[in-house]
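The values are calculated or read from the model by the stated rules, or taken from the named source; none is laboratory data. Quick caveat, the model's predicted, so the values are computed rather than measured. Note that we place each Cβ from the backbone using ideal geometry, even for glycine, and neighbour counts take in every protein chain shown. Keep in mind that these areas ignore ligands, DNA and RNA; they rest on the heavy atoms of the full protein, side chains included. Shrake-Rupley method; radii C 1.70, N 1.55, O 1.52, S 1.80 Å.
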Amino acid sequence: MPVYSREDDILATKIVSFFPQNKDVSTHHAVILVFCAHTGIPKALLDGDVITAKRTAATSAVATKYLVNGKPDVLALLGSGVQARSHVAALCELFTFKEIRIWNHRFDGAVKLAKEIGLNCAACRDVSEAVKNADVIVTVTSAKDPVLRLDWVKPGAHINAVGACRPDWSEIDADLMKSAVVYVDSREGAIKESGDIILSQAEIYAEIGEVILGTREAMRKKTTVFKSLGMAIEDGIAAKLVINKLGIQ
Ligand SMILES: NC(=O)C1=CN([C@@H]2O[C@H](COP(=O)(O)OP(=O)(O)OC[C@H]3O[C@@H](n4cnc5c(N)ncnc54)[C@H](O)[C@@H]3O)[C@@H](O)[C@H]2O)C=CC1
Ligand SMILES: O=C([O-])C1=[NH+]CCC1
């Protein structure tokens, strides 16, 4: 995932591997190579795992800030891996949830994460139980077929759809995609790579950047989906923060 931004003074690339069958080690591994944007000289080789986890969750948190309907009380997570953990951390920086619910296709994963999070968190056996009346839902699974259905979602909820990053995979059922107002990180990426968009043929209302810039409306009262695929600029900006902190010129 290469990025060049003259404005941000960034020239970098991330290489990320995805081995969904991994059991005892992470399913995603990444490195980020940062170059001087003026001379092309290599500056740093960074571990990309933590940056991928944190920048993806930070992006969802920003989308939630703009799209959530009022003050959210209930957060539901579908999935209990790396992104589930980073999403809880990022969302809890912005919001105080009264209740957090976790569903995972292997129940023990949900139980383990619920214990890590603590008192206000419960593991759920069914997706419908986890998302009932939830204000914010995060889908962070490696599912190839939909796990979240329209009938289970409270009207006006906000969904961060983070998994299913392939054109033939989807986490959200087509009826839900079509009835929600859909925001994406990148239109260009979403129409080529997101099965949730491609298979459902849902209309993309806006990029989240357009909402932040004030050129497209945040439809907070409606059910909203932020479909995230991940963008190289997120890695570039995050890498720049790291190398600046380390004092690397
Ligand atoms: N939008 C973005 O920028 C990014 C998206 N991702 C995507 O987010 C998702 C989660 O990533 P990680 O947390 O790093 O992976 P992970 O491997 O740590 O967690 C995946 C979770 O999905 C569950 N799972 C596995 N197979 C499943 C199935 N068939 N049905 C339902 N659940 C299943 C696992 O039990 C686990 O809880 C993946 O789809 C990944 O490709 C990851 C990084 C960035
Ligand atoms: O942006 C990213 O790094 C990824 N998106 C899907 C898997 C990894």
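Here is a check on your reading of the model: is LEU176 within 18 Å of GLN201 (Cα to Cα), open to solvent by less than 60 Å² (accessible area, probe 1.4 Å) and within 14 Å of ligand 1 (Cβ to nearest atom)? No: the conditions fail for LEU176.
Could you please find all residues in segment 172-187 being away from ligand 2 (no atom under 12 Å from the Cβ) and under 12 Å from SER228 (Cα atoms)? Before you say what the answer is, go through the steps one by one.
First, the residues of segment 172-187 that are away from ligand 2 (no atom under 12 Å from the Cβ): 172-184, 187.
VAL182, TYR183, VAL184, ARG187, listed by residue number.
Of VAL62, VAL31, which residue is open to solvent by 50 Å² or more (accessible area, probe 1.4 Å), outside any helix (DSSP H, G or I) and either on the phi < 0 side of the Ramachandran plot or near ligand 1 (Cβ under 9 Å from one of its atoms) (or both)? If you could, list the steps in order and put the result at the bottom.
Details: VAL62 fails: outside any helix (DSSP H, G or I).
Criteria check complete, one pass: VAL31.
For segment 151-167, the criterion of being under 16 Å from SER228 (Cα atoms), away from ligand 1 (no atom under 11 Å from the Cβ) and open to solvent by 10 Å² or more (accessible area, probe 1.4 Å) is satisfied by at least one residue.
Entry remark, segment 8-28: residues being open to solvent by 70 Å² or more (accessible area, probe 1.4 Å) and either in contact (Cβ under 8 Å) with a residue 24 or more places away in the chain or within 20 Å of GLY189 (Cβ to Cβ) (or both) number 2 in total. Checking each residue in segment 112-148 for being open to solvent by 20 Å² or more (accessible area, probe 1.4 Å), away from ligand 1 (no atom under 12 Å from the Cβ) and in a helix (DSSP H, G or I) picks out LYS115, GLU116, ILE117, SER128, GLU129.
Kindly evaluate ASP168 against the criterion of being within 16 Å of ligand 2 (Cβ to nearest atom), closer than 24 Å to ASP145 by Cβ and assigned to a helix (DSSP H, G or I). Working first, answer last.
Numbers: within 16 Å of ligand 2 (Cβ to nearest atom): yes; closer than 24 Å to ASP145 by Cβ: yes; assigned to a helix (DSSP H, G or I): no.
So ASP168 does not fit the description; no.
Say whether the condition of being buried (at least 16 other Cβ atoms within 10 Å of the Cβ), assigned to a helix (DSSP H, G or I) and at pLDDT 95 or above is met by at least one residue in segment 212-230. The answer is no; no qualifying residue exists.
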